[in-house]
Amino acid sequence: MPISHSYAEQTTVQCPHCGNSGSADIWLILDTQERPDLAEQLQAGTLHKLDCKTCGKEIGQVNVPLLIYRPSSEKQPLIFSPADQASQEQTQEHVQQLLSRLYNAVQADWQDSWLEQLVVVSRSQLISSSQGSPSDLQAILQELNQPVRDMRAMGRRVELCQQALILVEGKNNEQLWTALQFELGDSLIQNPQGDRAENIEQAISAYEQSLEVWTRESMPTPWAESMNNLATAYAMRIHGNRGENIEQAISALEQSLEVMTREVMPVKWAQAMHNLASAYRDRICGYRGDNIEQAISAYKQSLEVRTREAMPVEWAASIKIVAGS
Ligand SMILES: [Zn+2]
């Protein structure tokens with residue numbers, strides 16, 4: 001018999017109403033294909049609600065982390081929902097424990113790529129997305145289409161993108177899914193809340209997901225924009241090796257600039273040239289003198305578009321760096 005993927009811990013609870021004790025299953029891993037009955041309970045919000053087996057009254061909700069495994073989902077096979085109010089360290093520990101348990105259970109079916117696709121959502125978000133209907137998706141997309149006036153709204157946008165990604169997945173709309181990954185990346189990068197390093201990691205992963213669909217051949221402009229933003233994320237990355245992160249940024253920018261040319265998209269081109277210049281200025285690999293030459297040349301090119309008259313703020317930013325080089 002194959003090992004069950006879904007996993008519950010048994011615990012003994014005492015009923016506050018009748019005083020009787022009984023055992024209860026606390027579900028921590030849910031394979032939606034293996035246990036559609038539990039998936040339904042999750043949707044109804046009752047998966048972690050305990051009822052007394054003797055008197056039938058409600059004992060309460062248990063607050064535990066939950067890992068969801070969706071074998072039928074190609075793009076989002078793993079969803080993790082932390083326990084409410086768990087600290088970052090606790091959440092990290094929970095996710096590792098549950099992933100290693102699932103890894104041992106699925107054995108040869110395990111794919112490392114699942115880890116990159118792992119999404120983390122709050123419990124309330126998880127329940128509302130699992131109940132999700134097309135109208136919910138429409139409402140989310142409408143809200144995402146509103147212009148952003150305040151960076152503090154980015155946390156909300158991150159949540160909306162994550163919810164929409166779960167809803168879209170079932171509908172197999174690949175282009176929308178990809179656009180949402182891109183939007184998620186942008187929102188994470190700009191989100192002033194949460195763990196900065198972790199936000200950047202998640203943004204990199206979101207851009208990388210979008211780049212699997214938007215290829216240079218099939219969708220050159222979105223591809224170039226996503227490469228450009230991926231480069232920005234690498235340039236500001238906190239984790240990993242600084243030198244390698246800058247190499248990644250330079251490589252992504254140079255590729256992006258092959259499509260985002262000065263003739264076609266002058267403003268974005270100038271921005272990318274400016275970013276390329278900054279990356280060369282900060283470069284650790286290669287000869288310092290050469291890197292500075294590259295930086296100055298890229299700044300000068302960006303300044304040809306970012307003139308004092310046309311774009312005073314951007315012009316000032318570029319001028320400052322040329323002066324500092
Ligand atoms: Zn009872």
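The table below gives the values:
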{"read-out": "Condition check for G240: at positive phi and either part of a helix (DSSP H, G or I) or not assigned by TED's automatic domain parsing to the domain that holds D150 (or both)", "value": "yes"}
{"read-out": "Residue check, I26 crowded, with 16+ Cβ neighbours inside 10 Å, β-branched (V, I, T), within 16 Å of the ligand (Cβ to nearest atom) and under 30 Å from I166 (Cβ atoms)", "value": "no"}
{"read-out": "Qualifying helices (runs of 4 or more DSSP H) (wholly inside segment 38-130; at least 3 residues being more than 16 Å from the ligand (Cβ to nearest atom) and in contact with a helix residue (DSSP H, G or I) (Cβ under 7 Å, 6 or more places away or on another chain))", "value": "123-130"}
{"read-out": "Residue match in segment 297-313 (condition: at pLDDT 95 or above, out of contact with any strand residue (DSSP E or B) (no Cβ under 6 Å at 6 or more places or on another chain) and either charged (D, E, K, R) or more than 22 Å from N199 (Cα to Cα) (or both))", "value": "no"}
{"read-out": "Test result for G56, surrounded by fewer than 16 Cβ atoms within 10 Å (Cβ to Cβ), over 26 Å from V121 (Cβ atoms) and not aliphatic (A, V, I, L, M)", "value": "yes"}
{"read-out": "Tally of residues being of a type outside the set (G, A, S) and not in a strand (DSSP E or B) across segment 9-37", "value": "11"}
{"read-out": "Selected residue (only one of Q97, Q111, Q33, Q107 is at negative phi and either in contact with a Pro (Cβ under 6 Å, 6 or more places away or on another chain) or in contact (Cβ under 8 Å) with a residue 40 or more places away in the chain (or both))", "value": "Q33"}
{"read-out": "Considering residues of segment 7-22 that are out of contact with any Phe, Trp or Tyr (no Cβ under 7 Å at 6 or more places or on another chain) and under 16 Å from I68 (Cα atoms) only, the residue farthest from the ligand (Cβ to nearest atom)", "value": "Y7"}
{"read-out": "Conditions (1) in contact with a helix residue (DSSP H, G or I) (Cβ under 9 Å, 6 or more places away or on another chain); (2) assigned by TED's automatic domain parsing to the domain that holds R288; number of the one not met by G194", "value": "(2)"}
{"read-out": "Any hit, segment 157-170, residues being farther than 23 Å from R70 by Cβ, modelled with pLDDT of 85 or more and surrounded by 14 or more Cβ atoms within 10 Å (Cβ to Cβ)", "value": "yes"}
{"read-out": "Flag if S256 is surrounded by fewer than 20 Cβ atoms within 10 Å (Cβ to Cβ) and of a type in the set (G, A, S)", "value": "no"}
{"read-out": "Odd one out for L137, checked against (1) farther than 30 Å from T11 by Cα; (2) hydrophobic (A, V, I, L, M, F, W, C); (3) in a loop (DSSP other than H, G, I, E, B)", "value": "(3)"}
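The values are calculated or read from the model by the stated rules, or taken from the named source; none is laboratory data. Keep in mind that this is a model prediction, so the values were computed, not measured. Here Cβ is always computed from backbone atoms with ideal geometry, including for glycine, and neighbour counts include all displayed protein chains.
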